[in-house]
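The values are calculated or read from the model by the stated rules, or taken from the named source; none is laboratory data. Worth saying up front: this structure is predicted, and the values here are computed from it rather than measured. Cβ: placed from backbone, ideal geometry, glycine included. Neighbour counts: every protein chain shown.
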Amino acid sequence: MVTDIVLVFLFLKTKKKIKIFMKGSKVMDVEEVVTGQTKLIKEVKGDIKKLSDWNEKLQKISDISITKVGVIRFNPFNNTGGDQSFVVALLDSNNNGLVISSLYSREGTRIYTKPIEAGKSTNYNLSEEEQQAINKAIK
């Protein structure tokens, strides 16, 4: 009885190890198993390379995409009601982009834009509100 239990246990343990060399109903030798695993590893390496290349392309797109936004509302003129004017800073990951300023008055609305490089405007003076919007976007 005890020997039967031991034999069944050894059989099940051996059967589990032999499964590695079975493909469906076909018995494979060690060389076939190693060749199959080598082929599988090459396929996985190829997939990893494709994913790495794809990730690199996405990173380049992300670096030049607008990822930082800052908005400031304000009242530039004392004779108008409410904070109808605003500044929007649109920046990429390198703090390059632009600010859009909209100044509202009773006579009309004026819209201006200024380019931003590394968080600063090199060609135009920035208003206090524009600088605040840039700082808000960067943070």
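So the values come out like this:
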| quantity | calculated |
| --- | --- |
| Among residues of the range 63-93, those that are modelled with pLDDT of 90 or more, of a type in the set (Gly, Ala, Ser) and surrounded by fewer than 16 Cβ atoms within 10 Å (Cβ to Cβ), counted | 2 |
| Pick from the range 122-137, criterion surrounded by 17 or more Cβ atoms within 10 Å (Cβ to Cβ) and part of a loop (DSSP other than H, G, I, E, B), ranking: nearest to the chain's Cα centre (by Cα) | 126 |
| Residue list for the range 49-73, restricted to those being in the same structural domain as residue 124 (by TED's automatic domain parsing) and more than 24 Å from residue 117 (Cβ to Cβ) | 73 |
| Unique match (being within 29 Å of the chain's Cα centre (by Cα) and within 15 Å of residue 126 (Cα to Cα)) among 72, 64 | 72 |
| Yes/no for residue 108 being on the phi > 0 side of the Ramachandran plot and in contact with a Leu (Cβ under 7 Å, 6 or more places away or on another chain) | no |
| Top-ranked residue of the range 109-121 - restricted to ones that are of a type in the set (Val, Ile, Thr) and modelled with pLDDT of 95 or more, ranked as nearest to the chain's Cα centre (by Cα) | 116 |
| Residues satisfying the stated conditions in the range 86-108, i.e. of a type in the set (Ser, Thr, Tyr) and either in contact with an Asp or Glu (Cβ under 6 Å, 6 or more places away or on another chain) or in contact (Cβ under 8 Å) with a residue 24 or more places away in the chain (or both) | 93, 101, 104, 105 |
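Matching residues to (1) in contact with a Lys or Arg (Cβ under 9 Å, 6 or more places away or on another chain); (2) among the polar types (S, T, N, Q):
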| position | (1), (2) |
| --- | --- |
| 93 | yes, yes |
| 97 | yes, no |
| 100 | yes, no |
| 105 | no, yes |
| 114 | no, no |
| 119 | no, no |
| 124 | yes, no |
| 130 | yes, no |
| 133 | no, no |
